[in-house]
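One structure is given here, and the rest of the page talks about it.
What follows is calculated from the coordinates using simple rules that are stated; it is not laboratory data. Bear in mind the structure is a predicted one, so any value in this text is a computation, not a measurement. Quick reminder, even Gly has a Cβ in these numbers, built from the backbone with ideal geometry, and neighbours come from all protein chains shown.
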Amino acid sequence: MTGQKGFLDIIKWKLVGSVVIGAALWFASGVFEFPVVFRIMFVLYAVLGFFVFVLLDLPAMPELSGGKAIAALLVFYLLCSAVYTGAGVYLPQFDPEWEKGKIQKIIEAKKRAHPTLTPQELNQQTKDLTAKTDELMERLAKLEETMTGESSAGKGPSPEELAKKRAAMASGAPPSDPIAYGKDVYELYECYNCHKIGGKGSVKKRGPVLDNIGSLATIEQLKKKIYDPKYLMADGFEKEFNKGLMPKNYTELISEAELDALATYLASLKNTGVETPKPIMKK
Amino acid sequence: MKRALLTALALILGFLGVALSVGQGFAQVPEAAPYSIPGIENRAVVWVAAQMHILFAAFILGAPIFVVISEWIGMRKRDPRYDRLAKEVTKVTTILYSMTALTGGLFILVLVGLYPTLTSFMVNHFFPIFAIAYPLLFIGETLVLYFYWYSWDTLTGEKKARHVAIGVLLNIIGLTTLAAINAPTSFMNTPPHPIETATLWESIHNYSWMPLNLHRTIGNITFGGFITGLIAAYMYMSSKTPEERAYYDWMGFVGNLIGVGASLLLPLAGYILAAEFFEFDASIGPYMMADQLSMYFEMQGAMVGLMFLASNLYIWQSMKRISGIESLKILGIPSVTVVKLGFAIILLGNAIWMTPHGFSATQATATDALELPSDWGFLALMPAKNTAAGLIVFVTIVNYIIYNRAIRRGTIQWGKIDFMSQFVLIFLAFSAIWTMGLMGAVRSLVRKYFHVYILFPDYTPEAYTPTLAHTSVLVTAMTLAFFAVVSFAIWLSLMVGKGKAKAS
């Protein structure tokens, strides 16, 4: 369908078109205040479009057989593997350190609840976990440096901070500061997936902002809400409330001590500068 | 056949032994320390064993569905190509069946060795499934599959309908086996509540059982179709005569049609499965789409987008070998222009499909600098995603309609397709397997730090969500391993002795 066009003939107008579209996407997304990472993604769509339209008009590929076909296949498999693995490595990574800390906490809670487990076993587990964590952190830092060309220092918790956190978690000592403990519980059960405090957390409308919840609800009310999501509803969240978005299983997941701490932490949030939906009692 | 039956019997007896002994053994030694393999995490060992088993199982369960349809079409149309396709795919299936049994056995052994308490719990909870239903179905599947294969050249002519009936029976047993083993799998994701009073049926018929049955059945057909395309591509590349090349060109087209046709339903089936997870526990939704697994879905979006681009590229290359395509017009516009416009729409659909709400792998660190501007947040919501998926599916269907109109006017020159199309078929098979591995990991990881969600916590050091990088490396390695075995099976079953058979 393309006749005997040369390669340059095939690509020249597509290249011009892709550059124009890519540039238009770059500038338009800038005008609409898209973050740089999205602007780069839009330009990459234009690049993908260029390759697709070139592929459509390429002349028929010469046939391969025997050793050449096998070699071409092997190269093709390696290329696919490299592209897919590379994409998986390049996309933002979740830092397992956070979750490992949580698991350590669960193990510690189990240790306290079941004294028959030997401390040596748990100590060994903690040591192994720490060693693996440190190794992973190093790898992540190197990976980040490779990808961005910048040092990871100053981004997220430092290895020292994480080590401190780990030590605190592994100590098994009963938490002395209920608010700090409650904040930990908030993170442990990933409340940030649906709520926002201090500008951090869910960007979608799933659950209310909680910055000033301490001025609007008591500790007891908050405790009841966590264990029984139908107890109260945040103003303006009728749809989410009726859909039952707040998980019902916290009675099974969150212990009484954790619930006390979480409610105490939430009740301490009294930032009147942030609009926080009012609770409406349902029971 | 005897060897295969003996292997199956040995595996089943071994499994029964494990089923009967594990519960008692661990009742006596409750704190038995699991084994660990130096240099590799226990989770990765089970992951690899399970994923390899699932890949082989998906093919041997998915392929017979369209094999029997192909055989039936061949019988009705009296077109020997359909029967040949069905027979060649079944030949590869019989070899891969042994691999399914072997990897299944390996999976059981590593589970017992590395996760004894969990295995004991699952076997005890689903004892009638593991000890009675599954072994019986497995034996039935083995007998019927080999009977189906070995009676191919005997049940011909007027007896052909009987052979098709055996194929139908094979599929009934296959789908029942799939549903049976999906019960404990889905139970681990969405167990009934409260478990203490749940009956066996309630454990089987849990929230995600039927959606998983649906998703896996469609996924297996898609997978089988793309593997058929792979078989055709290998055979096309090794063909020596124009007749062989024409046949394998046709087979590749049919394989791609099956793969693409079934994959059109996959987004819906996946959506239903995810919706059931969400219904079961609303916290799973953000965990998948906004938190730890969000970048897995970004990767999945890229893979699905690439696969639709590739399958439409294959249709384009198929159109190029139809004489007179240049003169075909759709609503007064040259068909070639319409198809190219379709590619622009697919690219747009992919762009919307792939645009995430943000480039952070957890909401704990989500900031405005990494999120869509609030006015454009709709791009990341389900209505936009559904529209994008609808656009891509619509263009794919339109391309097939154009193809059909073209072949009514012109003649297909089978065997004259652009050689690059064979790499497109291989790419589709590779990408389908890779995506299966990735999404299989997602289905498993939504259990978070539980073996059985909420009921059975995972206290092992590997209970955390692995990074996408780690998963990508593992999935790529498994895909390559699977390809190596399948390539060997194709070579062994269809290429070895081909020359001799022709000469004789």
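Assorted remarks:
- Peptide-level mean, for A:48-59, of C-beta atoms on other protein chains within 10 Å: 4
- Rounded to the nearest 0.05, the FRET efficiency derived from the C-beta distance between B:PHE394 and B:GLU244 at R0 = 30 Å is 0.25.
- Listed by Cβ neighbour count within 10 Å, with the fewest neighbours leading, B:TYR82, A:TYR84 appear as B:TYR82, A:TYR84.
- Descending principal axes extents, region B:113-200, alpha-carbon based, whole Å: 56, 28, 18
- Close amide H contacts of B:PHE456 (hydrogens built in the peptide plane, cut-off under 5 Å, sequence separation of 5 or more or a different chain): B:HIS451.
- When the Cα positions of B:ILE402, B:TRP376, B:TYR453 are compared along the charge dipole of region B:362-458, B:ILE402 comes out farthest toward the positive end, with charges on each C-beta of Lys, Arg, Asp and Glu.
- Couplings for region A:36-48, taken from phi via the Karplus curve 6.51 cos²θ - 1.76 cosθ + 1.60 with θ = phi - 60°, read 4, 4, 6, 5, 5, 4, 4, 5, 5, 4, 5, 5, 4 Hz in order; Gly and Pro are left as x.
- Segments B:448-461, A:14-27, B:344-357 sorted - mean Cβ within 10 Å per residue, highest first: B:344-357, B:448-461, A:14-27
- Legend: mean number of C-beta atoms from other chains within 10 angstrom of residue C-beta atoms, peptide A:95-103, equals 6.
- Each of B:ARG43, B:ARG162 was scored by other Cβ atoms within 10 Å of its Cβ. Arranged with the fewest first, they read B:ARG162, B:ARG43.
- Of B:PRO286, A:GLY236, A:ILE40, farthest towards positive along the dipole that unit charges on Lys, Arg, Asp, Glu beta carbons give the protein assembly as shown: A:ILE40
- Given +1 at the Cβ of Lys and Arg, -1 at the Cβ of Asp and Glu and no other charges, the dipole of region B:245-373 around its Cα centre is 960 debye to the nearest 20.
- Volume per residue of the C-alpha convex hull in chain B, rounded to whole Å³: 162 Å³
- In the distance distribution for the protein assembly as shown, Cα-Cα pairs more than 40 Å apart total 40 percent.
- Among the listed pairs A:LYS200/A:LYS248; A:LYS200/B:LYS448; A:LYS183/B:LYS448; A:LYS278/B:LYS385, those with a Cα-Cα distance over 31 Å are A:LYS278/B:LYS385.
- Distances between every pair of Cα atoms in region B:303-454, grouped in 10 Å steps from 0 to the bin holding the largest one, split as 10, 27, 30, 19, 10, 4, 0 percent.
- Cross-link partners of A:LYS196 among aspartates and glutamates (Cα-Cα below 16 Å; sequence separation of 8 or more within a chain): A:ASP184, A:GLU187, A:ASP211, A:ASP235, A:GLU240, A:GLU275, B:ASP291, B:ASP368, B:GLU371
- Prolate/oblate/rounded call for region B:139-188, Cα gyration tensor, a/c under 1.5 rounded: prolate
- Working from Cα pairs under 8 Å separated by at least six residues, relative contact order for region B:172-262 is 27 percent.
- Ranked for footprinting exposure by Cβ neighbours inside 10 Å, fewest first, A:LYS248, A:LYS196 give A:LYS248, A:LYS196.
- Difference of contour (0.36 nm per residue) and Cα-Cα distance, A:VAL54 to A:LYS142: 28.0 nm
- Between B:THR367 and B:ILE172, the simple label model (points 7 Å from Cα in the Cβ direction) yields a spacing of 6.3 nm.
- Sorting the segments A:96-102, A:46-52 by their mean number of nearby beta carbons within 10 angstrom, highest to lowest, gives A:96-102, A:46-52.
- Contact order, relative form, for chain B: 17 percent (alpha carbon pairs under 8 Å, 6 or more residues apart, mean separation divided by residue count).
- For A:ILE280, the residues whose amide H sits under 5 Å from its own are A:MET233, A:ALA234, A:ASP235, ignoring neighbours fewer than 5 places away on the same chain, with H placed 1.01 Å from N.
- Sorting B:432-442, B:486-496 by average packing, meaning the other beta carbons within 10 Å per residue, from highest down gives B:432-442, B:486-496.
- Virtual spin-label span in nm between B:ILE40 and B:GLN413, 7 Å along Cα→Cβ: 5.0 nm
- Using a Förster distance of 25 Å, the FRET efficiency for A:TRP26-A:TYR90 (Cβ separation, nearest 0.05): 0.80
- Taking every residue in B:438-449 and counting other chain Cβ atoms within 10 Å of its Cβ, the average works out to 1.
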